[in-house]
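Written below as structure tokens is the structure these notes are about.
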């Protein structure tokens, strides 16, 4: 039995979804700063483009590297074969479709938050009442909201991989990792905060 679904980094990044509601609240407060502009579509375009397009483009072209945490990332030559196979799965057509559908859904979420922004006016009154400042706060928060949703979408795409597809997947060569995924942070050989997954053979070996 394949044990790639037990990879700790997958579940750590899936758990990052818990931060999404907090970022959405910050977006909501930012949109409530000052009075909206007369041409509301300019505001929507600003927040939507900054918030959605960069993350969607990254996930389509060079997906976020799962094997990183905070400001650290594992060096490509320290990744196991299974981890490099997981990185290969991030670039499948299925995952790109998932991210496209998620982006459409997130755009709808952003529109809904914009509609109810006046209800956050009291909280937003603690900030300087400059509309452009509020829009920038909203756009940046919405950008990170999209990141913390789209990365778990990648995780789900990997977790839904069939055993047959997994067996037929080739690992990305170490020297090609940086060309295929977005690696952020200081590169280290191991992130000690994350437990290591034992080799597949250890999980499948029958007791004597």
Here the residues within the range 83-98 that are in contact (Cβ under 8 Å) with a residue 40 or more places away in the chain and either out of contact with any helix residue (DSSP H, G or I) (no Cβ under 9 Å at 6 or more places or on another chain) or within 17 Å of residue 191 (Cα to Cα) (or both) are 83, 84
Practice problem: Could you check, for the range 138-152, whether at least one of its residues is touching a helix residue (DSSP H, G or I) at 6+ places or on another chain (Cβ under 8 Å), over 21 Å from residue 52 (Cα atoms) and in a helix (DSSP H, G or I)? | Solution: no
Would it be correct to say that residue 172 is assigned to a loop (DSSP other than H, G, I, E, B) and under 24 Å from residue 69 (Cα atoms)? yes
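Inside the range 159-169, can you point out the residues that are in a loop (DSSP other than H, G, I, E, B) and exposed (fewer than 14 other Cβ atoms within 10 Å of the Cβ)?
Residues satisfying the conditions are 160, 162.
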Matching residues in the range 88-106 (more than 14 Å from the chain's Cα centre (by Cα), under 26 Å from residue 171 (Cα atoms) and assigned to a helix (DSSP H, G or I)) number 5
Every listed condition ((1) under 26 Å from residue 155 (Cβ atoms); (2) touching a residue at least 40 places away in the same chain (Cβ under 8 Å); (3) surrounded by fewer than 14 Cβ atoms within 10 Å (Cβ to Cβ)) holds for residue 37 save (1)
Across (1) modelled with pLDDT under 95; (2) within 17 Å of residue 55 (Cβ to Cβ), residue 108 clears everything bar (1)
Among helices (runs of 4 or more DSSP H) entirely inside the range 1-87, those with 1 or more residues being within 21 Å of residue 183 (Cα to Cα) are 8-15, 40-61
Note on the range 87-130: residues crowded, with 17+ Cβ neighbours inside 10 Å and over 25 Å from residue 13 (Cβ atoms) are 114, 117, 120, 124
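The values are calculated or read from the model by the stated rules, or taken from the named source; none is laboratory data. Keep in mind that this is a model prediction, so the values were computed, not measured. Every residue, glycine among them, receives a Cβ derived from its backbone with ideal geometry; neighbour counts consider all protein chains shown.
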